[in-house]
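This report refers to the structure that appears directly beneath it.
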Amino acid sequence: MEQPFDLTVIWAGIIGFGIMMYVLMDGFDLGQGILFPFAPNEKARDTMMNSVAPIWDGNETWLVLGGAGLLAAFPLVYSVFLPALYIGVFLLLAGLIFRGIAFEFRFKAKTSKYLWSWSFSVGSIVAAFAQGAVVGTYIQGFKTEGFVYVGGALDWLTPFTVITGLGLVVGYALLGSTWLIMKTEGEVQDWAYKITPKLLVGLMTVFAIVCVYTPFIDEYVKARWFDNLSIIWVLPVLALYCAFVVFSNVRKRKDGMPFVATMGIFLFSYLGLLVSKWPYIVPPKFTIWDAASAYNSQLFLLIGFLFVIPIILAYTSWTYWVFRGKVKEGGYH
Amino acid sequence: MELDPLMLSRIQFAFVVCFHAIFPVFTIGLASTIAGFETLAYKTGDPVWHRLSKFWIQVFAVVFGIGVVSGIVMSFQFGTNWSNFSYATANFLGPVLSYEVITAFFLEASFLGVLLFGRDKVPQGVHLFAAIMVASGTFISSFWILAANSLMQTPDGLELINGMYHVKSWTDSIFNPSFGYRFMHMVVASFLTAALVVAGVSAWFVLQKREFVANRKALSVALWFLLILAPVQAVIGDFHGLNTLKYQPTKVAAMEGNWETSSGVPLLLFAIPDNENQTNHFEVGIPKLASFVLTHDWDGEVPGLKDVPVEEQPPVLIVFWSFRIMVALGLLMIAFAVWGLFLRIKGRYYQSTYFLNGLRLMSLSPFIAVLAGWVVTESGRAPWLIYGQMTHAQGLTPSLTGGMALFTLIGYIVVYSLVFSAGVYYLLKVFRGGVEKANAPHEMEEVERPMRPFSAAHVAIDEEI
Ligand code: HDD
Ligand code: HEM
Ligand code: HEM
């Protein structure tokens, strides 16, 4: 078929955008679950959960959309990542299920409330860790023969991926705590102010390890950073700057900035990761064009996506608008 | 013993998808039921329809919630356990499954919230419109998913290039030869499911004299639907079978338990098919009837299993008996519909305790029939994943080991049992609350949370001690 546009690049953009949206948005509500066991008291937990209750499942839409979109636009990613991360994917799904169901039932429970709290917390931590391990595995690369994954069941579980897994747990916790700074007041907010710098230090440690380690996994990435493209150094620098902004605004007790700047840390790290690997989508062998589906399939679905993404964005903004402002005890008013 | 990843993956997929199927089948029918109640409320202004709609919306909310959660797992199953299959079919399956998600999302975002929470906030007409849109959304969702499945049964419009199917014609591949029959059969199955559950639950309330007026009306409507739909389903099923005969003769041979291609084949009522010895034990049948049903000719020729090599035969015992369970339940539904009609003529369909208690039991029958039907369809396709083109073994994820498959199989069983027993337990509480509670002030004072299906149900999950 004639190919007037390179749809593969457009799809890479859509999927990349979808993943970013997912990480930022589900990140802060997964963060609530991660921080749950450390919350000062039960009332604080209620407030934390209430602060994300109206929006969390809209946030998760991006994951489902991304999964289905991957199969349609980059089948090779789907058919290599999922077998390679087999156990991890199961943990991710199980975590999300437990967490999702806790949102439904914790509000309806009286005596069994503590069970749903645990379900919420453990589910969130497991899901966040699994996602971090996926990122680590992507950085490490996959063992393939032809177009098929041939590695073992636990290749994805290495010291490095454990670090990225824990890193994302801490990162999401930071998104969660800065979200609380923005959305709550009083006791919960004080607590969030107190833990945020610690989480920030944790996250920056992982950030440093990943930055130092990644270029040494393959020559390709190393060359990108050290030889040909010096402009990209601006990305980690911006990420560091954002970290500094979080820190200074927490000290000044500014409510909104820490959350925005934390999103900045995520955004610039993510972009940094993408430029390291571009255009490899199943490292170390396959580029986005190797992994792409047929032109007419990409086109067929693009129509649907172009229709639905604006609707999702509009609907998302609308919900966030409705639930703007601080959560009071007992929820939004 | 060596663990077989293929067998374990098949069990896992069957478990997960059967689990999922139960819920959408119910929501599709129920969404239309609610749209129906809302229409009646709008047209007649009789508050009884409102009361009923409020109750069934709560049930809908919970079933829908569980359906979504289990559906999310499905969309990853293809990649984890059947990666060769998903890679090969991605050009078709990818867009089609994505369209399912898009549709589901679109309806959820736009109209579900209005249906569940908007009753007092929007004009009645808008609320009715939302109900109709939610119902249409469920059909569009099933449209896509059944197109995907039908393509695996009767592939069409595709071209295999370098190990990957390419779509030559979207219309041929979506509207493939078995799609129309499967879609109709499934839609009617969902309607029957809703009709029988509404009938069963209303019968139970009527027996207890709870909200008598409303529940009697619901019972009456459900019985009318049953009377029309149950026979229609049998007719559609017959056509579906004829289509299968044309495109998947081996599957029909397995459904009939017929080993040798021959004419004047009996319809077996009982038999123990035996793949190993290529024969049936303890046959009891009605002479020539199978030939007649399948070819509309008493001496018509029916294909036999031995036409294909032994390793291309499906597990006959499973297919044979699942088919009989489905058809028997279908006939039982017709019988109940006719019984209901007789009682109605005598004016006492809401008085006969035998009938009402029978209906209570019958509310489980559509679920069993649906699962049995899917087992016929899917096991009857074995060993093919894409009929005639790719086997289960070829579609399996190459790196998958028996240990990995066993781990996740047990994992899913544990997760599903925990989570869904909570879900079903809660659903039963909503049922027990009945129409009264759905219309009473809320038991649980809740934070406003739009779009969360469960929030539409206001019953506590546990008791205060
Ligand atoms: C005939 C109907 C039917 C069948 C056979 C299936 N589903 Fe389904 N599915 C639905 C009908 C449906 C539905 C009624 O449209 C649901 C229930 C709740 C919802 O939102 O849509 C749904 C939900 C649903 C969701 C969640 C969508 C969301 O985010 O709202 C996913 C990902 C899937 N399904 C995927 C699958 C897969 C991969 C299937 C088969 C292997 C499958 N479904 C079989
Ligand atoms: C929701 C309704 C469905 C039910 C209840 C169902 C049920 C089943 C069952 C019982 C099997 C096992 C057959 C066997 O191994 O002997 C199976 C297999 C399979 N089905 Fe379906 N199915 C459904 C829909 C679908 C759809 C929509 C698709 C594809 C788009 C699909 C794809 C498959 C695949 C890939 C297998 C092979 C794996 C296996 O054999 O277990 N199914 N299904
Ligand atoms: C009463 C007579 C019935 C007949 C003759 C009949 C016939 C059939 C046939 C031949 C198939 C297999 C099609 C194939 O795989 O090629 C099938 C599948 C199926 N049946 Fe039935 N059926 C009947 C009743 C019912 C009832 C009452 C229900 C549920 C309420 C039901 C639900 C299903 C489902 C869900 C499937 C699998 C999906 C599909 O392939 O359509 N059937 N039926």
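The values are calculated or read from the model by the stated rules, or taken from the named source; none is laboratory data. In this text, all values refer to a predicted model and were calculated from it rather than measured experimentally. We place every Cβ from the backbone using ideal geometry, glycine too, and count neighbours over all the protein chains shown. When the accessible area is computed, the model is the full protein with side chains, heavy atoms only, and any ligands, DNA or RNA have been set aside. Shrake-Rupley method; radii C 1.70, N 1.55, O 1.52, S 1.80 Å.
Measuring nothing but how far apart in sequence close Cα pairs (under 8 Å, 6+ apart) lie, relative to its length, chain B scores a relative contact order of 22 percent.
Here the extension length gained between B:Lys43 and B:Ser421 equals 132.2 nm, from 0.36 nm per residue of separation less the Cα-Cα distance. A Förster radius of 60 Å, combined with the Cβ-Cβ distance separating B:Asp120 from B:Glu2, puts the computed FRET efficiency at roughly 0.45.
Computed in the context of the full set of protein chains, the accessible area of segment B:173-296 at 1.4 Å probe radius has 69% of its extent on carbon or sulfur. Under a 10 Å cutoff between Cα atoms, tell me which one of A:Asp46, A:Asp190, A:Asp227 has the largest fluctuation in the Gaussian network model of chain A. Answer for the Gaussian network model of chain A: A:Asp227. Measuring spread by the Cα atoms of segment A:9-322 yields a radius of gyration and Dmax of 19.6, 62 Å.
Among A:Ile34, A:Ile231, A:Ile19, the residue with the largest mean-square fluctuation in a Gaussian network model of chain A, with springs joining Cα atoms closer than 10 Å, is A:Ile231. Placing dummy labels 7 Å off each Cα toward the beta-carbon, the span from B:Leu332 to B:Thr295 is 3.3 nm.
Accessible surface ranking for A:Leu7, B:Leu6, 1.4 angstrom probe, highest first: B:Leu6, A:Leu7.
Give me D for segment A:164-212 in µm² s⁻¹, whole number, from Stokes-Einstein with Rh from the Kirkwood sum over alpha-carbon pairs, 37 °C and 0.692 mPa s.
This corresponds to a translational diffusion coefficient of 298 µm²/s.
Per residue, the protein assembly as shown exposes 40 Å² of accessible surface when a 1.4 Å probe is rolled over the protein heavy atoms with every protein chain present.
Across all Cα atoms of segment B:212-276, the radius of gyration (one decimal) and Dmax (whole number) stand at 18.8, 58 Å.
A Förster distance of 45 Å, applied to the separation of the beta-carbon atoms of A:Lys222 and A:Lys252, puts the FRET efficiency at 0.70. When nucleic acids and ligands are ignored and a 1.4 Å probe is applied, B:Leu289 ends up with an accessible area of around 40 Å². Which angle between 0 and 90 degrees, to the nearest 10, do you get for helix B:365-379 versus the longest principal axis of chain B when only C-alpha atoms count? Roughly 30 degrees, rounded to the nearest 10.
When Lys and Arg each count +1 and Asp and Glu each count -1, what net charge do the other residues less than 10 Å away from B:Gly157, Cβ to Cβ, add up to?
Charge balance in the 10 Å sphere: -2.
Rolling a 1.4 angstrom probe over segment B:1-47 with all protein chains present gives an accessible area of which 71% lies on carbon and sulfur atoms. When the surface is traced with a 1.4 Å probe over the full set of protein chains, A:Lys143 keeps roughly 130 Å² accessible. Excluding ligands, DNA and RNA, what is the accessible area buried between chains A and B, summed over both sides, using a 1.4 Å probe, to the nearest 100 Å²? Roughly 5900 Å² of accessible surface disappears when A and B pair. With R₀ fixed at 41 Å, the C-beta to C-beta distance from B:Asn162 to B:Arg344 puts the FRET efficiency at about 0.05.
Hydrophobic, long helices, defined as DSSP H runs whose alpha-carbon span along the helix axis is 20 Å or greater and whose mean Kyte-Doolittle value is at least 1.6, occur in chain A at A:234-251. Applying D = kT/(6 pi eta Rh) to chain B, where Rh is the Kirkwood radius over alpha-carbon pairs, T corresponds to 20 °C and eta to 1.002 mPa s, the Stokes-Einstein value obtained is 90 µm²/s.
The lysine pair tally for chain B, using Cα distances under 24 Å and a gap of 8 or more places or different chains, is 23. Using only the C-alpha atoms, the convex hull of the protein assembly as shown corresponds to 174 Å³ per residue. Among the chymotrypsin sites (Phe, Trp or Tyr not before Pro) in segment A:1-85, those located in a DSSP loop and surrounded by at most 15 other Cβ atoms within 10 Å of their own Cβ are A:Phe5. The order of A:Met263, B:Met184, B:Met255, A:Met204 by accessible area, most exposed first and with a 1.4 Å probe, is B:Met184, A:Met263, A:Met204, B:Met255. The length gained on full extension between A:Val275 and A:Val234, counted as 0.36 nm times the residue separation minus their Cα-Cα distance, comes to 13.6 nm. Note on B:Ile286 and B:Tyr354: their simple-model spin labels are 2.4 nm apart, each label 7 Å out from Cα toward Cβ. In the assembled protein chains, A:Val135 presents an accessible area of approximately 60 Å² (probe radius 1.4 Å). Normalised by the number of residues in segment A:9-322, the mean separation of alpha-carbon contacts (under 8 Å, six or more apart) gives a relative contact order of 22 percent. Modelled spin labels at B:Val213 and A:Lys143, positioned 7 Å past Cα toward Cβ, are 7.3 nm from each other. Our estimate of slack between B:Ala393 and B:Asn277, defined as 0.36 nm per intervening residue step minus the Cα-Cα distance, is 39.4 nm.
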